[in-house]
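Student: The following block contains the structure, expressed as C-alpha cells.
The values are calculated or read from the model by the stated rules, or taken from the named source; none is laboratory data. From a predicted model like this one, the values you see are computed outputs, not experimental measurements. Cβ: placed from backbone, ideal geometry, glycine included. Neighbour counts: every protein chain shown. Side chains included, ligands, DNA and RNA excluded: accessible areas come from the protein's heavy atoms. Shrake-Rupley method; radii C 1.70, N 1.55, O 1.52, S 1.80 Å.
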Amino acid sequence: MLKGKTIVLGVSGGIAAYKAVELLRLLVKGGAEVHVVMTKGATEFVTPLTFQTLSGNPVHTELFNLITEQEIGHISLADRADLFIIAPATANVIGKIAGGIADDLLTTTVMATKAPVLLAPAMNVNMYENPLYRENEEKLRRHGYLFAEPVSGFLACGWEGKGKMQEPALVMEAAVAALTVQDLAGVTVMVTAGPTREEVDPVRFVSNHSSGKMGYALARAAWRRGAKVVLVSGPTALPPPFGVKFVAVESAREMRDRVLESSGECDVIIKAAAVADYRPRERAGDKLKKVGDEMVVTLVKNPDILRELGAAKRPGQLLVGFAAETVDLEKNATVKLREKNLDMIVANDVSAPGAGFGVDTNIVRLLYRDGTKEELPLLAKEEVASAILDRIVALRAGSD
Ligand code: PMT
C-alpha cells in the first residue's frame, strides 16, 4: 500500500507516544520508508532506540546535530517526505505549527515540508475543547492540514472524554488516504456486501458463503479515494472499514429497504452483495421439531434489488452489478447487465480456484453496456476493487 513512499513520522511528548511505535510498525509493514523525528518530550516516554530499531533508520531529535545534518538534514527530510505524520500531536505542537513557530527539529521540518501533513492529536479533554486549541485546529484545517480525529474514552490524566489518540490502524488508514489520488472526492458511493440471511425459524437460516471481503475492499478503496461511502452489509465477520457509513442488515428485504432509502443520493452504486434469491415462505415462530425423514421448506422469491435500482436509475447515476456464475459466465452476466439496466457488471466464475466466495483474491471479467469487455488476471480483492473504481472514474469522466 505504501511501497515507494517516504514518510516522516513526528512524535511529540505525550503518553500516547507508545502508540506511535505501533503506527511505525504498520507503516513499515505497508512498505513505507519511515524517518522518525522526536521532540525532546517524546524521548521521555519512548526511547529513540525503539523507533530506530523498527524503522531501520536513525532517529532525529536535535535541530543542530552536525552528523545527522550532514547525512540527512531537516530540510532534506522535509523535501523527501511524501507524507508527514505527527502522532501523537500534542496541543503544544499543534499550537506552534498554527502559530508559525519553528523552534525545534519537528516544528522546523514541518514548516519546511511541502508534503501533506497528517496530525493525530492526543491531549486532555479540556485542552481539546479549549477555544484556543479549537482555533488552532480550525486554522490548520483551513490551510489543508489533515487530522486523524481523537476518540473518546478514559484519558491518562484521569478525565473521561475526547482526546485519546486515534488507534494506529486508523491513523494508518488516514495516511493511505492522504497518499491516494482523490479522484472520487465529492462523489457518494454505495456498496453492498456480504450475504443475506433468510430465517427459517429462530435458530436456522438460508444463506450463502459470501464473506463480504470483495464489497468491503470496494468500500475501503472508495473512501480512500475521497468518496463519501455508504456500506450496506449483510452479516460478516469483518470490522466496518474506517470512514464509511455502515448499515448492517440481515435479510434481502431489509437490504432492499435500506438501499432504496439512500440510493437516490448516490452517484455510484456497486452491488457486490450475494443476495438470497429466495426466502422461506414462512418463518416459524418456534424452533422446528425433528419429525420424519424429510422436511420441505417452501421458498418464495425475494425482491431483486439491483433490478429495482436499474429501473429507478437517474441520469448520471452509475450502477455496477456483480454476477456470480459457475457456468456460461459471460452469457449469464450479459443478460444481467441488460435486464437490470447496468453500466457495468463484474462477472466472476465462483467455481474457479482463487475466485469468488471467502478467498482474498478474485478473477473477474468486466462487461460494459456498450458491449466492450476486459478480463483481469488473478488479483487480490483490494486490487480488483481498485481496478473497478478506476473504470468507474473513467465512465464518470466519459459521461460528463
Ligand atoms: O463476499 P466475498 O466472500 O468476498 O465474495 C465475493 C462475491 C462472490 C460475493 C462477489 O464477488 C459477487 O459475485 N457478488 C454477487 C453475488 C450474487 O449475488 O450474484 P448474482 O449473480 O446472484 O446476482 C447478480 C447481481 O444482482 C448482484 O449484483 C446481486 O447483488 C444482485 N441481486 C441479486 C439478487 C437479488 N435478489 N437482488 C440483487 O440485488
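Student: On the accessible surface of region 312-358, probed at 1.4 Å, how many percent belong to carbon and sulfur atoms?
Tutor: 55
Student: Same structure, new question: Charges at C-beta only: +1 for Lys and Arg, -1 for Asp and Glu. How large is the resulting dipole of the chain about its Cα centre, in Debye rounded to 20?
Tutor: With Lys and Arg at +1 and Asp and Glu at -1, about 680 debye.
Student: Measuring from label point to label point, each 7 Å out along Cα→Cβ, what is the Lys162 to Thr180 span in nm?
Tutor: Placing both labels 7 Å along Cα→Cβ, they lie 2.4 nm apart.
Student: Quickly rank 282-290, 337-345, 270-278, 217-225 as a protection proxy: mean count of other C-beta atoms within 10 Å, highest first.
Tutor: Put in order of decreasing packing, that is 217-225, 270-278, 337-345, 282-290.
Student: Can you give the calculated 222 nm mean residue ellipticity of the chain, where each DSSP H run of n ≥ 4 adds -39,500 (n - 2.57) and the sum is split over every residue, rounded to the nearest 500 deg cm²/dmol?
Tutor: -10500 deg cm²/dmol
Student: Between Asp277 and Val393, what FRET efficiency follows from the Cβ-Cβ distance if R0 is 35 Å, with the result rounded to 0.05?
Tutor: Approximately 0.65, to the nearest 0.05.
Student: May I have the convex hull volume per residue, in Å³, for the Cα set of region 253-400?
Tutor: 151
Student: Please work out the ratio of the alpha-carbon Rg of region 6-178 to 2.2 N^0.38 Å and round it to two decimals.
Tutor: 0.95
Student: Cα gyration tensor of region 92-195, axes a ≥ b ≥ c as square roots of the eigenvalues: rounded (a/c below 1.5), prolate (a/b > b/c) or oblate?
Tutor: oblate
Student: For the chain, set up a Gaussian network in which alpha carbons nearer than 10 Å are linked by springs, and say which option among Met127, Met214, Met295 fluctuates the most.
Tutor: Ranking Met127, Met214, Met295 by mean-square fluctuation puts Met295 first.
Student: How big, in percent, is the set of alpha carbon pairs in region 123-273 lying more than 26 Å apart?
Tutor: 42
Student: Just the ratio, please: alpha-carbon radius of gyration of region 167-254 over 2.2 N^0.38 Å, N its number of residues.
Tutor: Dividing the Cα radius of gyration by 2.2 N^0.38 Å gives 1.22.
Student: Something else now. I'd like the carbon and sulfur percentage of the solvent accessible area for region 6-178, probe radius 1.4 Å, heavy atoms only, ligands and nucleic acids excluded.
Tutor: C and S atoms contribute 56 percent here.
Student: Might you tell me the accessible area per residue for the chain, computed with a 1.4 Å probe and given in Å²?
Tutor: Using a 1.4 Å probe on heavy atoms only, each residue of the chain averages 48 Å².
Student: Taking Rh as the Kirkwood radius computed over C-alpha pairs, what is the Stokes-Einstein D of the chain at 20 °C in a medium of viscosity 1.002 mPa s, expressed in µm² per second?
Tutor: It comes out at roughly 91 µm²/s.
Student: Please report, largest first and rounded to whole Å, the three semi-axes of the ellipsoid equivalent to region 284-343, where each semi-axis is the square root of five times an eigenvalue of the C-alpha gyration tensor.
Tutor: Over the Cα atoms of region 284-343, the semi-axes work out to 36, 17, 8 Å.
Student: Another question, then. Can you give the % of DSSP beta bridges in region 188-399 that are antiparallel, to the nearest 5?
Tutor: So the antiparallel bridges in region 188-399 amount to around 40 percent.
Student: Separate question: I'm checking a number: the convex hull volume of the Cα atoms of region 340-400, normalised per residue, in Å³. What is it?
Tutor: Dividing the Cα hull volume of region 340-400 by its residues yields 89 Å³.
Student: Beta carbons within 10 angstrom, averaged per residue: use that to sort the peptides 355-362, 326-333, highest first.
Tutor: Ranked from most to least packed, the peptides come out as 355-362, 326-333.
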